[in-house]
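Enquirer: Following this message is one structure expressed as structure tokens.
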Amino acid sequence: MSPLASDYSATVTRLIKRLCDVNAPVLGALAPIIGRSVAEGGVIHTFGSGHSDVIAREIVGRAGGLVCVSSVEDPTAGHAENIVGYGTRIAERHDNRYGLRTGETIIVISNSGKNCSPIEVALYAKQKGLTVAALTCLAMSREAKTVHPGARNLHLIADHVLDNCGVSGDATQDVGDGIRAGPTSTIAGALLLNLLFLEVVDWLKANGHTPPLLRSQNLPGAIEQNRALARRYAGRLSKPLA
């Protein structure tokens with residue numbers, strides 16, 4: 001590898017260790033909340049605007065993940081994320097189609113924590129009685145001024161905050177002329193969500209519940225098993241299994 005790529009690899013390796021240590025208490029607090037909801041037939045909701053949608057979709061319909069995950073979809077792919085009121089509308093749309101129910105959890109992902117849509121989705125979900133977990137870069141969210149008229153960034157609204165331990169602007173490697181490359185938010189976000197789900201699986205098993213886990217459709221019998229699991233959540237999943 002080039003020196004730049006090698007340094008980035010080392011940065012990510014250090015980051016993984018740090019975010020595991022920093023987020024362990026939050027993961028431990030969230031697991032029983034989500035676990036109890038899943039045990040009662042509840043759905044986990046996710047939302048990420050713009051590139052954060054990539055992280056949100058990591059756990060939707062994912063082999064090795066929980067089947068009961070539904071994503072709040074943004075048809076504009078983040079282009080309207082700072083139009084005041086737009087986040088509320090897409091949350092309402094999701095609620096009308098799939099249901100946001102008291103006692104469930106929504107994971108709202110925003111690296112900066114400052115944009116309108118993630119904040120409004122979080123606020124709408126809180127009004128509906130959901131637990132709101134934010135996945136954000138606390139270093140950036142604490143210093144970036146929100147554009148939402150409520151004047152609070154995402155981490156100040158959420159009930160629980162997962163910190164991706166990144167840097168402001170996301171990119172970590174100085175390539176000269178004041179330009180940086182090598183973002184870490186996607187790597188960190190995907191890891192944190194999978195760590196969270198493994199904590200939930202562990203909680204479910206420890207409390208006598210069978211985790212509703214999807215298998216890879218490339219394995220024998222997996223498609224039938226996955227469809228049987230999905231039938232429990234008919235009408236509630238944004239990505240229904242074929």
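The values are calculated or read from the model by the stated rules, or taken from the named source; none is laboratory data. Note that this is a predicted model, so its numbers are computed, not measured. Please note: Cβ atoms are built from the backbone with ideal geometry, for glycine as well, and neighbour counts cover all protein chains shown.
Residues checked against (1) surrounded by fewer than 19 Cβ atoms within 10 Å (Cβ to Cβ); (2) part of a helix (DSSP H, G or I); (3) modelled with pLDDT under 95:
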{"residue": "ARG93", "(1), (2), (3)": "yes, yes, no"}
{"residue": "VAL108", "(1), (2), (3)": "no, no, no"}
{"residue": "PRO118", "(1), (2), (3)": "no, yes, no"}
{"residue": "ALA125", "(1), (2), (3)": "no, yes, no"}
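Enquirer: Sticking with this one: Condition first: within 27 Å of GLU120 (Cβ to Cβ), among the basic types (Lys, Arg), surrounded by 14 or more Cβ atoms within 10 Å (Cβ to Cβ) and touching a strand residue (DSSP E or B) at 6+ places or on another chain (Cβ under 8 Å). Can you find one or more residues in the stretch 80-91 that meet it?
Expert: Filtering the stretch 80-91 for residues within 27 Å of GLU120 (Cβ to Cβ) gives 80-91.
Then drop every residue that is not among the basic types (Lys, Arg), which leaves 89.
Filter once more, keeping what is surrounded by 14 or more Cβ atoms within 10 Å (Cβ to Cβ): 89.
The next check asks that each one be touching a strand residue (DSSP E or B) at 6+ places or on another chain (Cβ under 8 Å); those that pass are none.
Looking through the stretch 80-91, none of the residues is within 27 Å of GLU120 (Cβ to Cβ), among the basic types (Lys, Arg), surrounded by 14 or more Cβ atoms within 10 Å (Cβ to Cβ) and touching a strand residue (DSSP E or B) at 6+ places or on another chain (Cβ under 8 Å).
Enquirer: Of the numbered conditions (1) in contact with a strand residue (DSSP E or B) (Cβ under 9 Å, 6 or more places away or on another chain); (2) surrounded by fewer than 17 Cβ atoms within 10 Å (Cβ to Cβ); (3) at pLDDT 95 or above; (4) of a type outside the set (Phe, Trp, Tyr), GLY208 satisfies every one except a single condition; which is it?
Expert: (1)
Enquirer: Let me ask something additional. Kindly list the number of the only condition in (1) within 26 Å of THR146 (Cα to Cα); (2) modelled with pLDDT of 95 or more; (3) under 16 Å from the mean Cα position of the chain (by Cα) that fails for VAL67.
Expert: For VAL67, the failing item is (1).
Enquirer: Here's a follow-up. Quickly run through the stretch 130-176 and pick out the residues that are at positive phi and either among the hydrophobic types (A, V, I, L, M, F, W, C) or loosely packed, with under 15 Cβ neighbours inside 10 Å (or both).
Expert: Within the stretch 130-176, ALA151, CYS165, GLY169, GLY176 meet the criteria.
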